[in-house]
1. Name the residue that is nearest to B:Thr289 (Cα to Cα), counting only residues in the stretch B:433-461 that are part of a strand (DSSP E or B) and within 14 Å of chain A (Cβ to nearest Cβ).
2. Name the one entry in B:Ala188, B:Ala193 that is over 21 Å from B:Ile46 (Cβ atoms), free of Cβ contacts under 8 Å to residues at least 12 places away in the same chain and not in a helix (DSSP H, G or I).
3. Residue by residue through the stretch B:11-52, note down the ones that are under 16 Å from B:Ala430 (Cα atoms), of a type in the set (Val, Ile, Thr) and outside any helix (DSSP H, G or I).
4. Out of B:Thr69, B:Thr53, I need the residue that is within 20 Å of the chain's Cα centre (by Cα), of a type in the set (Ser, Thr, Tyr), crowded, with 23+ Cβ neighbours inside 10 Å and away from chain A (no Cβ under 13 Å). Which one?
5. Please pick out the residue among B:Glu351, B:Glu373, B:Glu336 that is more than 28 Å from the chain's Cα centre (by Cα), touching a residue at least 24 places away in the same chain (Cβ under 8 Å) and not assigned by TED's automatic domain parsing to the domain that holds B:Glu97.
6. Pick out, from the stretch A:2-98, the helices (runs of 4 or more DSSP H) lying fully within it that include 1 or more residues that are of a type in the set (D, E, K, R) and within 12 Å of chain B (Cβ to nearest Cβ).
7. Please verify whether B:Ala345 is assigned to a loop (DSSP other than H, G, I, E, B), without any contact (Cβ under 8 Å) to a residue 60 or more places away in the chain and surrounded by 15 or more Cβ atoms within 10 Å (Cβ to Cβ), treating the condition exactly as stated.
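The values are calculated or read from the model by the stated rules, or taken from the named source; none is laboratory data. Computed from a prediction, not measured in an experiment: that's the story for all the values here. When we count neighbours, we look across all protein chains shown, and the Cβ atoms used for this are built from the backbone with ideal geometry, even at glycine.
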Amino acid sequence: MNMSTFVVANPRKCIACKSCEIACAVAHLKTTVATAGAVDAPFQPRLCLVQTPLAAMPVQCRQCEDAPCAAICPARAITRRDGAVVVDTDRCFGCKSCMLACPFGAMDMAAAGGEAPDAAAPAKARTVAHKCDLCAGRPGGPACVEACPALAFVVVRPDELQKTVADRRRAAAMPPA
Amino acid sequence: MTNAILELKEFTVRDAIFAIGTNATDCHPLIGVYMLEAHARGTKLIVADPRRTELAKHADIWLRHRPGTDVALLNGMMHVILTESLMDRDFIAARTENFDALRETVLAYPPERASAITHVPADKIAAAARMFARAENAATYYTMGITQHVTGVDNVLSVSNLALLTGNLGKPKAGVNPLRGQNNVQGACDMGALPNVFPAYQPVTDDKIREKFEKAWGVPLSGKPGLTIPDVLHGLEHGSVKALFIFGENPMRSDPDINHVKHCMENVDFSPLKEARFIVVQDLFLTETAEIADVVLPGASFAEKDGTFSNTERRVQRVRQAVAPVGKPDWLILTELMRAMGTKADYAGPEAVFDEMRTLAPSYAGISYARLEQGGIPWPCPNESHPGTPILHVGKCNRGPGLFCAVDFKPPAENPDESYPLILTTGRVAAHYHTGTMTRRCWGLDAAHPEESLEIHPEDAARLGIAHDDPIRVTTRRGTLTTKANVTTRVPVGTTFISFHFSETPGNILTNSAADPISKTPEYKVCAVRVERARA
């Protein structure tokens, strides 16, 4: 079975510090965090820390197998690449259908090229679909996972998911002690 | 802290953590994470906080007490422990004194009475008391939710009474553990940056101690305790204080009742002594306080510093300069000032300063830079072969027997009334540090939490016709500001919350400068406030 990898957080561990949001925004900067302020780079994390009365956790893309965002995209700008659902920002024309379609609220809109250092006049930049790309190409893997002080994130890989499920099936098949 | 931070890694299902007046998950995130990890291993977690903090959300028992009622809450818990015979009789007999006075006071606080004062259900108070007392080891952690009250000292004494009553002192995974709010505020206190003591808490009023320092420093020293911050402001206002050297502090944002602070610092209106007023500020940036200073000196950041930090568990650790200071190292500026004022001050560097200090401060005597190369050492460390003291009061308390100090509940200085019908309490958020001098200048931190909002309960908001994100005006007897409403059950009905990180909406323009009579710590945690929808 060809399943995608995804990142998910555990609300039992999350302390709502937003380190993940900052790490995500930094990981996608085309400049360094030290100069981001000087060039007035927009802050565009691809996940969102949510606090409810019961718990807190960051919410981001589940990299769905039959991704509603991709299915609805009239520009065919959202496709699966290397196991992640990614946005081709050149094709996207900002219709926001993906925002309506995503059941997790994981889709956002942001300034195209806003993560580049010379994003002159981001107000004039095109607004395009913006989502978790699993930090594709980043040597350390997803930046949110690395930054979390509470170790609240899990990178769910297909083989591990299948192993977990297999273990649970075995446990379920075991007679009670 | 009487105990060590990493003990949190050793807590088991038989132990309990009691976090009172500490929003550890926001303000001490790593300690907060250790607490949640211990809880996930089965350690009991009791949280007492008016706000539904992340830590409170995970607690086995959450005591949502009314701000400023900590003594009643703790006395109520101790009442249950006494009447259900859950106290540690052996510890009380062998290690403490004044138990009878405590018993007499605490017996006047049955859970029903404590409940009427705190608004915590009586059965929850009882359940928390049982959980704490029945744990093999129970450690109490607190921060400003305990200390920033007119009853701050009483609150700390109550925490101490609870630890003594249950034998939770002088052993691992126990104790009375204030989590300090800055990386080196423990060190600053250790070094005598307090009005009444020389380094290592040696009283200025003690002739022998003073002679020791006079001999070492070659100058006569005053035996009169200095001024606390409220007294300094009063002195400025009335002309008895003429100069201030403010070093890495931003009282124009961090002190309560900023309008009054500004009045005192600027001393504008009725000031025959205006010319005599002289303020020096040494800081990293031109803070709101530096803006009104006569002279501003460049402070060095942590990355530019060489020396030691003493952290919340009394652990002395080396900090090594990573980049050269933009100006001069702090110690050099201070020694040049000393020389300009005619005092001898020739030190080769921070190590020489440290070595002089440890000949005078017994609890630091055994700590050297060479030893610190091997790792941090918690004081007291009386000699170079001493390993340091991760746990205080083992075997016996520093003063001898542990002293029960019975205290009665006293209400906060300012309570809601018709004109100011809600309670305002203040604190911090995870992304920002103190007055934002550093974090508001950090791209990621400021973007993650870019603006202030006032937390207000949905019922209060509905009654006032306020919706989430509405612009609102927040007013106390001392000042007013405009911000956004954060309509949330994070705060209880009748209580609102604001931080003090945002210069454009400074929370401390609202707070009350009424202070604890002993510590002089102001009551940042309770005042009366009026909230109304602002015209957009």
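1. Taking the stretch B:433-461 first, the residues part of a strand (DSSP E or B) are B:453-456.
Add one more test, that the residue is within 14 Å of chain A (Cβ to nearest Cβ), and what stays is B:453, B:455.
On the way: B:Ser453: 23, B:Glu455: 27 Å.
Ranking the candidates gives B:Ser453 first.
2. Residue meeting the stated conditions: B:Ala193.
3. Of everything in the stretch B:11-52, just one residue is under 16 Å from B:Ala430 (Cα atoms), of a type in the set (Val, Ile, Thr) and outside any helix (DSSP H, G or I), namely B:Thr22.
4. B:Thr69
5. Being more than 28 Å from the chain's Cα centre (by Cα), touching a residue at least 24 places away in the same chain (Cβ under 8 Å) and not assigned by TED's automatic domain parsing to the domain that holds B:Glu97 holds for just one of B:Glu351, B:Glu373, B:Glu336, which is B:Glu373.
6. Of the helices (runs of 4 or more DSSP H) lying wholly inside the stretch A:2-98, those with at least 1 residues that are of a type in the set (D, E, K, R) and within 12 Å of chain B (Cβ to nearest Cβ) span A:19-27.
7. It is true that B:Ala345 is assigned to a loop (DSSP other than H, G, I, E, B), without any contact (Cβ under 8 Å) to a residue 60 or more places away in the chain and surrounded by 15 or more Cβ atoms within 10 Å (Cβ to Cβ).
Residues are listed down the side, and each one gets a yes or a no for (1) in contact with a Gly (Cβ under 6 Å, 6 or more places away or on another chain); (2) within 30 Å of B:Asp100 (Cα to Cα); (3) surrounded by 15 or more Cβ atoms within 10 Å (Cβ to Cβ); (4) at pLDDT 95 or above:
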{"residue": "B:Val197", "(1), (2), (3), (4)": "no, no, yes, yes"}
{"residue": "B:Gln202", "(1), (2), (3), (4)": "no, no, yes, yes"}
{"residue": "B:Lys212", "(1), (2), (3), (4)": "no, no, yes, yes"}
{"residue": "B:Leu233", "(1), (2), (3), (4)": "no, no, yes, no"}
{"residue": "B:Ala243", "(1), (2), (3), (4)": "no, no, no, no"}
